[in-house]
Every structure is written in structure tokens, then in C-alpha cells.
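J.: Got a structure for you, questions after.
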Amino acid sequence: MIISIARKEFTEIVRDGRFKWTAAIMVLLLITAMLAGYQKYSTATRIQQAAQASTNEQWLNQGDKNPHSAAHFGNYAFKPAGPLAYFDNGISNYAGTAVFMEAHKENFAIGRPATDQSEIARFGDLSGANILQLLLPLLIIFLGFTAFSGERESGTLRQVLSMGVTNRQLLWGKALGVGTAVMVVVVPCLLAGSIVLSMAGSVDHTEDMGTRIALLSAAYLMYAGIFLFLTLAVSALTKHARTTLMVLIGFWAFTGFLMPKTASEISKFTNPTPAFGKWMADMRTHQMRGFDGVPPFVKFAKYTREVFKKYGVDKVADLPMYFVAVRLQKLEEYDYPVFDQHYGMIRNAYAEQRRVQDRFGLIDPTLPLRSISMAIAGTDLIQHVKFMTEAEAYRRNMVIKMNDYLSKAAVSLNATSSSSNYMRADEKVFARVPPFEFEPPRLGDIVAEHRSNFILLALWLAAAIGIALFAVNRIDMERN
Amino acid sequence: MLKLIISHEARQMMRTGALWSILALLVAAIVFAAWAGGRSIRRQVEGAQAAETFENGLRNHMRADTEKYQARVKAQGGEYQFAAVRHSPGKGPPQGTNAGAVGAETSKYVTLPPTGLAALSVGQSDIQLNYLPVSLATTLDMTKNLELENPVNLATGSFDIAFVVIFLLPIFILAMSYDLLSSEKERGTLAMILAHPVSIRELLASKIISRAAVMLTVVLGFGVIALFAIGTGLDTADTWIRFGLWIVATLLYSMFWFALAVLINVYGRNSASNGTVLAGIWLILVVIVPQLVSMLATTIYPTPSRMELTIASRAAQTDAEKHYMSKLDEYYYDHLEFIPEGDKKAMDFLTLSQANNNSIEKALRPLYDDFQEQLNKQETLVQRFQFLSPAIMMQLALNEISGTSSDRYEYFLDQVYAFHDQWKEYFSTKFLQRYPLKPADYDNFPEFQYREQPFGAVMARLGPSLLGMLILFLGLVLVPFLALHNYQVASR
């Protein structure tokens, strides 16, 4: 019985003009988005890999110079595009892509692609993820809103019920019918996309690609299911098809447009990030004052006395290490806690803001889906923050390596007071710093971080099915 | 007659819950947007002030040192001298006398002031830093500073009044008018009404006018309230001219959506199918076309890769170093403070560092100009393709009116570059002359004052958007009103 209801529903939808138009638009957009995304991100990946290799070459071939000068020349970390960036580019346009790693300073990632785009880029990117998050629900609504209320209006609902079909059978049959019609549009595009991707093979981390695609498919299927059952529920609850449509479109606009921005503004209010100017002024003041209120130069004077005492000397010239290098390294280390606090504050605020926004997933299924989608695509905050953290760890190690070498290799310079005498190092010394390599977060960690979002989606699906069952159970012969 | 139908329509609307819930939502959205937009602009202003205060503090500190030094020279006799290198406190002239040090170690923050309407449309102001540090460093370093905002929030976009007007207002308009004629037809009342001495044109016009009147009164009324609550510079003519333009744009944009609803009602079938078509058109015009145009712009005129630029700039840096400096100079170039006291070389290092900055900037400027050129081409393309979607026209118009467009930012940047030259000229000349800066000189450092874009330039960019919306509206209105005489009154 369910199958024949489904077949009737499916045939009716496919024969309708609505289906042809919406399906054609959807297919065209999905294919365009996937191709454009693929073209963009395969180029980006190629450039990123070449750039990361070149920057290491440049580090090694910067010419013979003082190791500390080399640390000033520094190195760059270039952020790789996430493994599924071509499908969901997440925050990629708005997060920096390169971190300058230099002596004395922690830096933010620079080079946000959005600054190289026109104003209307703010309307959003036409990506596969965006289309599925916004257009797929609308497609489901369009194809399914008449399922009950349309039949009620034309009087066929009464007829169907008189034939002894149970309300539940009707629901499952219709869900199957509408669902199949939707899948007929979407699945071929996605399959084509996955096949092209696997054939091209230009993307790294392929070992967990299958799992990623499976997880993404599961999340989007649940999302589609939520809208499918809500559409049927509203259709069963409302008298007229036009009311069904208005309620559903209202809900769609609420979830897709109104709520994400509302959640974002509210998270900015509950966990504000300081303006750049304020943050910069605070941090630099803190640096000058010293993390614990003791200025770096005072701290270093105390340290110098301790070193003198330890080695039993009373002037720098007698020390067994090059004291200028020791001083450089000490000053560097006095800044660590200041950087950790101020940069950490920004990172924490971002993470907290994301959690606040995820909580709005209780009233908007699009939010948890969006978070899951960009996390699995490797284009979300978790990925970005890990990149920034690794770049800073690399920077600290690079500076330590150079200052350390200098302090040991230039001991004889302690006694000189002329600027015409200094130490010089070459490529072999610079090679003590290994090339920067970003280790993307493991998929397991990503999924664990988003466990609550998966739960939210599942809850939404359960609730949608529950409401739909409740709604069809209310349908009876008398009232129709 | 028209008046009678309008008042009848108005009474009927007042009785339905739908109108009140739509208006309540609209008002809530405007209030929320005003609150959020106001916060965003306040944050920028506070950031600019904090940065400026900090850097001024550094300079004041140097100035205080020169004052003490001047007093000492006066008391002890001798010459007021120029500090060649950093001295330990108490000994010799302080760094504040050295124009090269003052110009390199402190920055002058220059600010693009928000217009009175900035909070209404955040536009690009959340990604472009509206206050920049000018120093002897290169302009390339200067523009690397970014506003701190969660990239997730940037990707989501602001909930500002521009969002309410561009995205939500059309939904509310369509929700109120998707079934203007179709619902009467479905209830069977249309034929009855038209049996009275009233034409279908009059009926349609009065239905639209009553709805538009209610809607626009609310939007404009709360627009004014929002302006008083969060706007700045309420006493300047500029703010009110901009607000006038905001009203014109909002009216044109809303009228387009009302006209569209009429069109679909005239040609459409039942209410449900009208609703489907209108929702589809909304999605296409407000979401899909803008995204497609943006994609087109970045595909046809892609900017070069920032990563490749970084590699090129490092190559230029290494090149400059190899040509301009001996290895020794390079080391002290980074750390002037380690130059042994009294070493004459110090001066040369500072000179070298400036020469080096100049040569790097000269080598890289063309590369950076490529970016700007591509971006300009993208913007020209968007300007041309904006007529495909009223949402694009409206977004460009509102950014322009609120002074948060890329165009105004570029206008600001040009002035900043000119100021950077002025600042560099002032400090490097004084430095090369070995002129010892006196406390009084601190009052005569170059000052930056943003000159607002000429009104004509704003209008020239605004004109096409406003005109485009007007033509679109008129075109939509004409078609259905001409076609109305064929309208089927009875349900098919």
C-alpha cells in the first residue's frame, strides 16, 4: 500500500510543471557550483603547495647571515584548503591564508580572499553546500506542500481515506514519494561530483575521504528528512494549500536567513571580540609593562645577576655563551604569556561564539548542519585555529633554534664592542629548522567536537517525524 | 471610489492576525538590526580611538624625554643634540630627538570616519580596517592590519538594516500581497465586487496602495527612529541628505516587490501557485543572481594569488638585502639598540633601512597594483550586471549611501597613501639633516584629515542603481495594468 501511495505521489510530482523547473534550476546550479568550486580549489591547492615549498627554499637560500637576522626574515605558513573545500568553503573567504612567522612577534593570518572580492561577494558563495542548505529545503517544500492540503482542497483526501488506508500508511507513502522525487534531482549531481573528485585525485588526505563523504551524506539526509516530515506535517495540519506554503516558506526563511544572522549577532554580544585597535593597544601595553607587572628589562637585569652568580663572573665577556643571543631569547620568552593571553582570548572568543551559535540549533536545524558541514569539509574554525596554533609553535621553535645556535657559536663576540664584528651562519644552520607542515585535525576529533550538533540534527528529525505522525493522526473523515 | 475601497481594505487588513504578526516581526527585525548595526560601528570607533591613544602615548613619552633633555641642556649649558643611537636613560640626548626613530617606532593612526548612516548598512566596514597606522614602514605593511572579527560571523554577514530591507522586507511584502486577486477569486467574491461600479484596476490599485501605505509607514517610521537612536552627525546636512537617499532607495525597492506581486496575481493561477512562483523569484533575485554575478566577477577577473605575491615579495626583499646591504648592516638594521654606543654606523643603518623600505615598496607596488586593478574590473562588472537583480542594486546603493562601500574606502586609501608620503618626507628629511627634534616640533607633525568624497562622485555611482530600480518598477507596473482588461474574473 505504501508503495502505491508513493508511486502515485511521485508520478504526480514528476508530471507537474513545478518539478521540471525547480529540478532544472537545482541541477544547473549544483553542477555549476561544483565545477566552479573544483576549479577554484584545485588551483588553490596547487598554489598553496608550491608556495609552501618555495618559502622553505627562500628560508634556506636567504644568504649567509646572522642567525637572528634569519629569524627576522622568518618563514611563512600557508593554509591548505580543506579536503572538501570545493563542496563547502566554510569560512575560507573570511579567514586569513598565510601566517608570517618572525622573531619577536606572533602574527594573525593575513590574506583574506574576501578583501580581493567585490562588495556583493557578501551575498555568499554559490557552493554545493550552500545550495543544499538553502535550496534543498525549498525544493522539498515546493514538491510536498500540497501532499495533504492539496488533496483536501480537491476533495480526494476523503476518498483515499474511505478506501481503508491508514493515516500512517498515507504519511509513509507520501514521504517516500516526495523523498524519491527530491533524490532523483539531487543524488545524480552529488554522485557525479564525488566521482569527478575521486578521479582527479588532486586532493590530499584521501584515506578518510570515504568516511567524510558518508558523514556529510548522513547529515544532509537527516536535514532533508527534517524538512520532508515538517512539510508533510504542516500540509496535514493546514486547511488550504496556500496557508501550508506560507507557513513553510516563513519557517524556511527563518531557518536559512533570519536565524543564522541573529545567532551570530547574539554570540557577538555574549562573547564580544575586542576591536583590533583596542586589542593591539592592550597587548602592547601589557608587553611593555610585563606580563606580571615587572617590565622585561627589569626582569632581564635580575636574570643577568643570577647568571653572573651562577658562573661566578662579573662581566659579560667572561660568560661561556653569547649574551646578546641569550638576551634576545629571554625577551622573546617574556612575551610568550602575553601572546598566549591576548591571542588566546581571541581564539577562545571565536570558539565560544561558535558554541553559542550552535545552541541556537535547538530552534534552527540549519545551524547544526552548517557547522557539521564545514567541519567535515575542513573549512571551519577548528581547522583554522589549529593552523594558527601550529604556526605559532613553529615560530617559537624557529626562533629558539636560531638564538640557541647564536648563543653557542658566537661566544667570542662577548668581548667585542665594535659593530664590525659579528657572527654569520649559512644554509646548514638554517636547515636546523624543519619545513613547516600543517597537520590537519583528525576526523575523529572533529566529529567528537560536533557530537552535540549531530545529536541536535537527530533530535530534529525525530521531532519532525513525531509531529508528522501527530498531524496525520488528526486527519479524519468527518472533518475533511 | 478609490478612497472607499482603500479604507475598506485597510479595515479588513486590520482585522486579520497575519498583518499584525508580519508588522510585529518587521518592527522586531528593524529594532534588532539597529541595535546590532549600532554596536558594530561603535566598536570600530572605539578601536580607532584606542589605537590612536596608544600611539600618541608613545610619541608623548618621547616628547616628554625631549622636554627633560631640553631642561637639562638649559640648566647645564651645551648644545641641544641629535641622538644617533639609543642611549641608556640619563646619558646623552634621548631618542625623541631623532626624527628617524620617532617616525619608525611610532605610528600615526589615520581614521576613515563613519558617516551618519554607517550603522544602517555595515557593508564592507567589518572587513576593511577603518583606521590605519602610518609610519616609516611601507604602505604594504600598513594595509596588512585587519579588523578582528570571527570569520564565521563575517561569512554569515551582519544583521543590519540593509539586511532587513533587502532580504526580509520583500518576504513580508510578498506574504501580504501574493493572493491579492487570487484569494478573492477563490472565495468567489471577486466577481461580486466587480459587479459594483468599480474597475479591476481601481480594485488592484487600492489593494496595493493600502498595503504599501501600512508597510512603508512602518519601515520609514522605524527607520527614522533607528537613525535617531544609532545615527551620528544628526546636525549635519550630509546625514539628512544621505537619509533622504536611503528613503528613496527603500521606496523604489519596495515598490518593485509590490509591482512583482501584482504582476504574478494578474498572470498567475491560484494562490498557492502564486506563492510558489513568488518565493522562487525572491530566491533567484535575492540569493542566486547576486551569487552568480559575484562568481562571474571573480572568475573573469580573478585576483592574482596572495600566496604567490608573498613569495614574490620575499624574493624582492632578499634581492634588496643582497644589493643594498652588507651582511653586517643587515643584522644591526633589525636591532639598532645593539649598536655599540657612539658607533657612527648607526646613522647609516637607519638610512639604509629607509632606502631598503623604499626599494621593496618600489619593487612590489606594481604587484599590488595588479590586485587593485583586477578588483576594479570586478567592481565594474558588478556595476554592469547589477541590473539583473534589484537586490544587487539595493545593496550597492545602501553601501554607497551609508559610506561603507569599497569605493569610499579606496578614496580613503588614496588619501592615506598621500599622507604616508607626507609623513615620510617630514621625518626622513629631518633625519637626514640630523636635525634634533625639539619638544615644540611635536606640535607640527603632519596631521591627517579625511576629506569626504565629493557629492557628485557618490551620486554618479548611486544613480545607475536607483535608476535601474525605477525602470524595473515602471516596467513591471506597466505590463499588468495594460494586460488587466483580459483578466479572467471567474475561477478556471
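J.: Assign unit charges at the C-beta atoms only (+1 for Lys and Arg, -1 for Asp and Glu), then state the dipole size of the protein assembly as shown relative to its Cα centre in Debye, rounded to the nearest 20. Don't jump to the answer; show the numbers that get you there.
T.: Values: 89 positive and 85 negative charges, 412 e Å.
Taking the Cα centre of the protein assembly as shown as origin, the dipole is about 1980 debye.
J.: Give me the distance in nm between label points sitting 7 Å out from Cα along the Cα-to-Cβ direction at B:LYS91 and A:LEU35, one decimal.
T.: Between B:LYS91 and A:LEU35, the simple spin-label model gives 7.3 nm.
J.: Going by amide H atoms built from the backbone, whose H comes under 5 Å of the H on B:TYR109, apart from near neighbours?
T.: So B:TYR109 has HN proximity to B:VAL134.
J.: Let me ask something else about it. Which order do A:VAL472, A:VAL307 fall in if you start with the one that has the fewest other Cβ atoms within 10 Å?
T.: A:VAL307, A:VAL472
J.: Step through the residues of the range A:322-332 one at a time and calculate ³J(HN,Hα) from phi using the Karplus curve (6.51 cos²θ - 1.76 cosθ + 1.60, θ = phi - 60°), rounding each to whole Hz and writing x for Gly and Pro.
T.: 6, 6, 4, 5, 4, 5, 4, 5, 4, 4, 4
J.: Applying the Karplus parametrisation 6.51 cos²θ - 1.76 cosθ + 1.60 with θ = phi - 60° to the phi angles of the range B:197-208, what ³J(HN,Hα) value in whole Hz is obtained for each residue in order, glycine and proline being reported as x?
T.: x, 9, 7, 5, 5, 4, 4, 5, 4, 5, 4, 5
J.: Let me ask something additional. On full extension of the chain, what length is gained from A:VAL298 through A:ASN397, given 0.36 nm per residue of separation minus the C-alpha to C-alpha distance?
T.: Fully extending the segment from A:VAL298 to A:ASN397 adds 33.1 nm.
J.: Something else about it: Long-range amide H contacts for B:PHE159: which residues qualify at under 5 Å (H placed 1.01 Å from N, peptide plane, sequence gap of 5 or more or a different chain)?
T.: Placed amide hydrogens put nothing under 5 Å from B:PHE159.
J.: Also: At R0 = 22 Å, how high is the FRET efficiency between B:PHE371 and A:ALA53 if r is their beta carbon distance? Nearest 0.05 is fine.
T.: Working: r = 23 Å, r/R0 = 1.05.
Working from the Cβ atoms, E equals 0.45.
J.: Modelling each spin label as a point 7 Å along the Cα-to-Cβ direction, I'd like the A:PHE269/B:LEU140 distance in nm, to one decimal.
T.: Output for this residue pair reads 4.4 nm.
J.: May I pose another question? Going from the alpha-carbon gyration tensor of chain B, what semi-axes, largest first and in whole Å, does one get by taking the root of 5 times each eigenvalue?
T.: 63, 24, 16
J.: Quote the charge dipole size of chain A about the Cα centre in Debye, to the nearest 20; the model charges only the Cβ of Lys and Arg (+1) and of Asp and Glu (-1). Present the calculation step by step, with values, prior to reporting the outcome.
T.: On the way: 49 positive and 41 negative charges, 133 e Å.
Here chain A has a charge dipole of around 640 debye.
J.: If you average the sequence gap of Cα pairs under 8 Å that are 6 or more apart and divide by the length of chain B, what percent do you get for the contact order? Could the numbers behind the result be given before it?
T.: Working: 547 pairs, mean separation 133.6, N = 492.
27 percent.
J.: Continuing with this model, one more query. Taking the Cβ of each residue in B:THR239, B:THR429 as the centre, tally the other Cβ atoms inside 10 Å and list the residues starting with the fewest.
T.: On the way: B:THR239 17, B:THR429 11.
Going from sparsest to densest Cβ surroundings: B:THR429, B:THR239.
J.: Using unit Cβ charges (K, R positive; D, E negative) and no other charged atoms, how large, in debye to the nearest 20, is the dipole of chain B about its Cα centre?
T.: Values: 40 positive and 44 negative charges, 300 e Å.
With only Lys, Arg, Asp and Glu charged at Cβ, the dipole is about 1440 debye.
J.: Among A:TYR303, A:ALA463, B:LEU194, whose Cα lies farthest out toward the positive end of the dipole of the protein assembly as shown, if unit charges sit on the beta carbon of Lys, Arg (+1) and Asp, Glu (-1)?
T.: Of A:TYR303, A:ALA463, B:LEU194, it is B:LEU194.
J.: Continuing with the same structure: Please report, in whole Å³, the volume per residue of the convex hull around the C-alpha atoms of the range A:323-480. Intermediate values should be presented prior to the final figure.
T.: Values: hull volume 21.4 nm³, N = 158.
With only Cα atoms used, the range A:323-480 gives 135 Å³ per residue.
J.: With unit charges on the beta carbon (Lys/Arg positive, Asp/Glu negative), name the residue among A:GLN52, B:GLY103, B:PHE159 whose Cα is farthest towards the positive pole of the charge dipole of the protein assembly as shown.
T.: Farthest towards the positive pole: B:PHE159.
J.: Convert 25 °C to kelvin, take the viscosity as 0.890 mPa s, use the Kirkwood radius over C-alpha pairs of the range A:427-480 as Rh, and evaluate the Stokes-Einstein diffusion coefficient in µm²/s, rounded to a whole number. Intermediate values should be presented prior to the final figure.
T.: Numbers: Rh = 16.4 Å.
Value of D from the Cα-based Kirkwood radius: 150 µm²/s.
J.: Here is a further query. From the phi angles alone, apply the Karplus equation (6.51, -1.76, 1.60; θ = phi - 60°) to the range A:235-243 and give each ³J(HN,Hα) in whole Hz, x where the residue is Gly or Pro.
T.: Residue by residue, the range A:235-243 yields 4, 6, 7, 9, 7, 10, 4, 5, 5 Hz.
J.: Can you pull the semi-axes for the protein assembly as shown, root of five times each eigenvalue of the Cα gyration tensor, sorted largest first, whole Å? Could the numbers behind the result be given before it?
T.: Details: eigenvalues 769, 216, 98 Å².
Calculated on Cα positions only, the semi-axes equal 62, 33, 22 Å.
J.: Cβ under 12 Å from B:ALA418's Cβ, B:ALA418 left aside: what net charge do those residues give with Lys, Arg +1 and Asp, Glu -1?
T.: That sum, taken over residues with Cβ under 12 Å, equals -1.
J.: Equivalent ellipsoid semi-axes for the range A:251-351, as square roots of 5 times the alpha carbon gyration tensor eigenvalues: give them largest first, rounded to whole Å.
T.: Calculated on Cα positions only, the semi-axes equal 48, 12, 9 Å.
J.: For a quick check: sort B:LEU251, A:LEU215, B:LEU478 by the number of other beta carbons within 10 angstrom, fewest at the front. The partial results should precede the final answer.
T.: Numbers: B:LEU251 17, A:LEU215 20, B:LEU478 12.
So the ranking, lowest neighbour count to highest, is B:LEU478, B:LEU251, A:LEU215.
J.: What is chain A's relative contact order, in percent, from Cα pairs under 8 angstrom and six or more apart in sequence? Numbers along the way, then the final one.
T.: Details: 588 pairs, mean separation 130.6, N = 480.
Relative contact order comes out at 27 percent.
J.: Another question, then. At A:ASP476 and A:VAL27, where each label point lies 7 Å from the Cα along Cα→Cβ, what is the point-to-point distance in nanometres?
T.: Here the answer is 4.5 nm between the modelled labels.
J.: Counting other C-beta atoms within 10 Å, and keeping those with at most 14, which DSSP coil trypsin sites (Lys or Arg not before Pro) do you find in the range B:371-474? Provide the component values of the computation, followed by the final result.
T.: Values: sites: B:LYS377, B:ARG384, B:ARG408, B:LYS424, B:LYS430, B:ARG434, B:ARG451, B:ARG461; in loops: B:ARG434, B:ARG451.
Counting only loop positions with at most 14 other Cβ atoms within 10 Å, the trypsin sites (Lys or Arg not before Pro) in the range B:371-474 are B:ARG434, B:ARG451.
J.: Check which residues have an amide H placed less than 5 Å from A:ALA425's amide H, if you skip close sequence neighbours.
T.: Placed amide hydrogens put A:LYS65, A:ASN66 under 5 Å from A:ALA425.
J.: Once the mean 1/r over all distinct Cα pairs of the range A:2-474 is inverted, what Kirkwood radius in angstroms do you read off?
T.: Working: mean 1/r = 0.0382 Å⁻¹.
Here the Kirkwood hydrodynamic radius works out to 26.2 Å.
J.: Can you find, among A:LEU171, A:PRO441, A:LEU369, the residue sitting farthest towards the positive end of the charge dipole of the range A:2-474, where Lys and Arg contribute +1 and Asp and Glu -1 at Cβ?
T.: A:LEU171
Read-outs throughout are calculated quantities, based only on the coordinates presented, and are distinct from any laboratory measurement. From a predicted model like this one, the values you see are computed outputs, not experimental measurements. Cβ sites come from the backbone with ideal geometry, for glycine too, and all protein chains shown count toward neighbours.
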